[in-house]
Amino acid sequence: MDIHKSPKFVEKKLKQEFETRAIHVGNHSNERTGSVSPAIHLTSTYEQDSLGQDRGFDYSRAINPTRQRLETNIATLEEGEYAISFSSGMAATTALFQTLKQGNHVIVSRNVYGGTYRVIDQVLSNHGLIFDFVDTRDLKEIESHIRPETKLLFLETPTNPLLEISDISAISHLCKIHKIIIAVDNTFMSPFGQRPLSLGADVVMHSGTKHIGGHSDIISGLLITSNKILADQLYFIQKAVGAIPAPFDCWLLLRSTKTLSLRVQQSALNAIEIAKWLSKQSMITEVIYPGLASHPQHELAKAQQVMPNGDSIFGSIISIRLKDEKSRDQFIEKLKIFTFAESLGGVESLSCVPYDMTHGAVPVDMKLKMGITPTLIRLSIGIENVNDLIQDLKFALT
Ligand SMILES: Cc1ncc(COP(=O)(O)O)c(C=O)c1O
């Protein structure tokens with residue numbers, strides 16, 4: 001039996017909707033005690049019955065029941081067959097790149113998260129992998145960078161923090177022709193807002209720290225795929241390298257995915273209202289939000305970013321530009337409900353300056369060329385009352 005694929009999952013995947021699967025897959029009540037919340041397996045090792053005879057579990061770096069429950073749950077939400085969990089989003093991304101060999105070439109969205117840029121530029125490039133940062137919104141631009149050694153295309157959509165959107169379906173088609181694995185960092189949308197595997201991608205990556213965790217209390221990373229060969233490679237890297245999540249974090253994540261649909265919907269509802277309001281404020285020179293008709297890829301976002309019921313959803317991140325650094329500093333200082341902090345996707349609203357914070361590791365000329373300027377502020381909209389959030393922004397702008 002494939003220990004990573006429970007028969008119950010396959011059955012539920014076919015029959016139940018996202019919200020139901022989020023609550024029930026991987027969360028069966030305990031058979032002996034009936035406890036509705038399943039226990040956490042805080043154990044490093046497992047008693048074996050005799051030499052070579054264990055009960056499916058031998059050592060927790062390799063396998064743990066709580067982690068296994070999380071992986072089953074996440075796999076079904078992304079409509080994949082296998083999920084592999086890690087101690088951070090960066091550990092998940094690195095594990096994916098570790099499936100490659102020296103001399104392999106990778107195409108990466110030009111505006112990826114700054115930490116992704118940093119690990120590529122300062123770690124992985126030293127190990128013989130070759131990377132090209134490309135504007136993946138442009139199919140021709142991607143095609144012009146494909147070489148015989150290209151093995152992986154790593155897409156981030158929408159990107160952090162410019163919210164550039166790439167066409168997952170069209171790029172997947174191109175990758176199939178050239179036999180390139182396509183991975184999508186789906187952190188900004190969560191599986192509730194976008195399911196890249198159903199659009200043709202081979203693997204999905206998440207910083208589980210964001211929407212999936214949702215409460216700014218866990219660092220986590222996840223990879224999801226239906227490709228058995230890739231999944232086996234990734235489970236092996238998970239075990240061999242050992243960047244695994246602790247059972248308690250897996251348990252917290254399982255608790256978080258139960259409310260994922262509600263949180264993601266509410267923060268997106270708040271975000272669209274706030275984006276519209278921000279667009280009318282003269283102090284703000286630009287509002288970037290895929291839900292606004294002014295966004296250059298609004299139509300693509302509408303078609304690609306959909307909830308499981310098929311309705312469009314535009315996410316909870318808004319980037320705004322103020323006219324100068326003085327107004328930026330005053331604005332940030334005056335915000336009271338929005339906390340000035342890195343990260344996103346939590347129940348609480350946050351603000352940050354990507355130029356110095358999340359994208360500090362990206363070279364200045366690259367940042368400026370893309371539009372990550374010092375006066376760009378990224379807002380992560382939480383699920384507080386939208387009127388309070390608008391009041392907070394209004395006060396900070398006056
Ligand atoms: C889009 C995106 N991908 C990956 C990461 C890295 O995740 P982590 O911080 O969990 O390592 C982040 C973190 O901000 C992110 O925003």
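The values are calculated or read from the model by the stated rules, or taken from the named source; none is laboratory data. In this text, all values refer to a predicted model and were calculated from it rather than measured experimentally. Note that each Cβ is placed from the backbone with ideal geometry, even for glycine, and that neighbours are counted across all protein chains shown.
Scan segment 187-199 and tell me whether some residue there is more than 15 Å from the chain's Cα centre (by Cα) and either touching a residue at least 12 places away in the same chain (Cβ under 8 Å) or not assigned by TED's automatic domain parsing to the domain that holds residue 40 (or both). Please lay out each step first, then the result.
Kept after step one, since they are more than 15 Å from the chain's Cα centre (by Cα), are these residues of segment 187-199: 198-199.
Remaining after also requiring either touching a residue at least 12 places away in the same chain (Cβ under 8 Å) or not assigned by TED's automatic domain parsing to the domain that holds residue 40 (or both): 198-199.
Checking segment 187-199: at least one residue is more than 15 Å from the chain's Cα centre (by Cα) and either touching a residue at least 12 places away in the same chain (Cβ under 8 Å) or not assigned by TED's automatic domain parsing to the domain that holds residue 40 (or both).
Test of understanding: among 280, 228, 210, 239, which residue is among the charged types (D, E, K, R) and touching a Gly at 6+ places or on another chain (Cβ under 8 Å)?
Numbers: 280 fails: touching a Gly at 6+ places or on another chain (Cβ under 8 Å); 228 fails: touching a Gly at 6+ places or on another chain (Cβ under 8 Å); 239 fails: touching a Gly at 6+ places or on another chain (Cβ under 8 Å).
Matching residue, one of 280, 228, 210, 239: 210.
Being farther than 20 Å from residue 345 by Cβ and surrounded by 20 or more Cβ atoms within 10 Å (Cβ to Cβ) is the requirement here; does residue 139 meet it?
Details: farther than 20 Å from residue 345 by Cβ: yes; surrounded by 20 or more Cβ atoms within 10 Å (Cβ to Cβ): no.
So residue 139 does not fit the description; no.
Which count do you get for residues in segment 80-109 that are closer than 17 Å to residue 232 by Cα, among the β-branched types (Val, Ile, Thr) and either modelled with pLDDT under 95 or surrounded by fewer than 24 Cβ atoms within 10 Å (Cβ to Cβ) (or both)?
The total comes to 2.
State whether one or more residues within segment 371-383 are loosely packed, with under 14 Cβ neighbours inside 10 Å and not polar (S, T, N, Q).
No, segment 371-383 contains no residue that is loosely packed, with under 14 Cβ neighbours inside 10 Å and not polar (S, T, N, Q).
Could you tell me whether any residue of segment 101-122 is part of a helix (DSSP H, G or I) and away from the ligand (no atom under 13 Å from the Cβ)? Even if it seems obvious, please write down each step before you answer.
Residues of segment 101-122 that are part of a helix (DSSP H, G or I), as a first pass: 114-122.
From the residues that got through so far, the ones that are away from the ligand (no atom under 13 Å from the Cβ) too are 121-122.
Taking every residue of segment 101-122 in turn, at least one turns out to be part of a helix (DSSP H, G or I) and away from the ligand (no atom under 13 Å from the Cβ).
Filter segment 198-214 down to the residues that are more than 14 Å from the ligand (Cβ to nearest atom) and farther than 14 Å from residue 84 by Cβ and list them by number.
The answer is 198, 199, 200, 201.
Any residue that is within 28 Å of residue 21 (Cα to Cα) and more than 17 Å from the chain's Cα centre (by Cα) - is there at least one of those in segment 78-100? Spell out the reasoning first.
Restricting attention to segment 78-100, the residues satisfying the condition of being within 28 Å of residue 21 (Cα to Cα) are 78-93, 95-96.
Now narrow it down to the ones that are more than 17 Å from the chain's Cα centre (by Cα): 81.
Looking through segment 78-100, at least one residue is within 28 Å of residue 21 (Cα to Cα) and more than 17 Å from the chain's Cα centre (by Cα).
When you check residue 356 against the structure, is it in contact with a Lys or Arg (Cβ under 6 Å, 6 or more places away or on another chain), charged (D, E, K, R) and not in a strand (DSSP E or B), yes or no? Walk me through it before giving the result.
Values: in contact with a Lys or Arg (Cβ under 6 Å, 6 or more places away or on another chain): no; charged (D, E, K, R): yes; not in a strand (DSSP E or B): yes.
Taking the combined requirement at face value, the residue does not satisfy it.
Could you grab me the full set of residues in segment 143-177 that are among the hydrophobic types (A, V, I, L, M, F, W, C) and under 30 Å from residue 268 (Cα atoms)? Before you say what the answer is, go through the steps one by one.
Residues of segment 143-177 that are among the hydrophobic types (A, V, I, L, M, F, W, C), as a first pass: 146, 152-155, 162-163, 165, 168, 170-171, 174-175, 177.
If the condition is that a residue be among the hydrophobic types (A, V, I, L, M, F, W, C) and under 30 Å from residue 268 (Cα atoms), then 153, 154, 155, 162, 163, 165, 168, 170, 171 are the ones that fit.
Considering segment 257-290 alone, what residues qualify as being farther than 21 Å from residue 391 by Cβ and either surrounded by fewer than 21 Cβ atoms within 10 Å (Cβ to Cβ) or in contact with a helix residue (DSSP H, G or I) (Cβ under 7 Å, 6 or more places away or on another chain) (or both)?
First, the residues of segment 257-290 that are farther than 21 Å from residue 391 by Cβ: 257-265, 285-286, 288, 290.
Hits for segment 257-290 are 257, 258, 259, 260, 261, 262, 264, 265, 285, 286, 290.
Do we find a residue being of a type in the set (Gly, Ala, Ser) and closer than 25 Å to residue 164 by Cβ anywhere in segment 22-44?
To start, the set of residues in segment 22-44 that are of a type in the set (Gly, Ala, Ser) comprises 22, 26, 29, 34-35, 37, 39, 44.
Applying the additional criterion that residues be closer than 25 Å to residue 164 by Cβ yields none.
Within segment 22-44, not a single residue is of a type in the set (Gly, Ala, Ser) and closer than 25 Å to residue 164 by Cβ.
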